[in-house]
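For reference, the structure is listed below as structure tokens.
Since every read-out is calculated from the coordinates, none of them should be taken as a lab result. Keep in mind it's a predicted model, so treat the numbers as computed, not measured. Counting neighbours? That spans all protein chains shown, and the Cβs are built from the backbone with ideal geometry, glycine included.
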Amino acid sequence: MQLFSVAFEGSRSGGTALFRCTPIQNNRWQLDLEFDGIKATFTASDCHQAFNEMREDVGRGYVFLCNAACPNFLLSAMLSQSGGLYGYMIQSGRVARNSDVVPTFSAANRQSVGTVCEQVNFKERYFRMVADGSPIQVWQ
């Protein structure tokens, strides 16, 4: 079990969200969370996927200030299989390197975070650019 505290901003309030990531059976992870009077549990193949499911469900209208909420944060298959507790923070102009690995729930500034849709779009563009040999661009 891993316990994380993550700052959040909402339309009516801000504060600290508490996340607990626990491996469960069949290579699944459970994310228990508590913030702004909300308590919920999400289960997915890794903690980052569970976090994004939470953002699309009870997290709508909130901004979570952590690496996992940045559009240019993504997981490799190996990092996902390890629970998604770490991922790559992709930099412009190059493919991901080991030095780009960061903790999923470490703090990020407000200007760096985005939506789940932005993250999905970035991931698709990133893999297309890598496959084409194009220069990697973090922002459109």
Q) Label-point separation (nm) for Ser92 and Ala40, each offset 7 Å from Cα along Cα-to-Cβ? A) 3.4
Q. Can you give the angle from 0 to 90° between the axis of helix 47-56 and the longest principal axis of the chain, with both taken from C-alpha atoms, to the nearest 10?
A. 70
Q.
If you average the C-alpha positions of segment 22-58 and of segment 1-17 separately, how far apart do those two centres end up, in angstrom?
A. 14
Q: Go through the chain and flag any cysteine with no other cysteine's C-beta closer than 4.7 Å, please.
A: Cys66, Cys70, Cys117
Q. Do you know the relative contact order of the chain, to the nearest whole percent, from alpha carbon pairs under 8 angstrom that are 6+ apart?
A. 20
**Q.** Within a Gaussian network of the chain (alpha carbon springs, distance under 10 Å), most fluctuating of Gln25, Gln81, Gln49
**A.** Gln25
Q. PRE reach from Glu124 (point 7 Å along Cα→Cβ): which of segment 79-97 fall under 20 Å by backbone N?
A. 90
Q) FRET efficiency for Met78 and Ser13, Cβ-Cβ distance as r, R0 = 25 Å, nearest 0.05? A) 0.10
Q) For Ala17, which sequence-distant residues (separation of 5 or more, or a different chain) have an amide H within less than 5 Å of its own amide H, given hydrogens modelled in the peptide plane? A) Val6, Ala7, Phe8
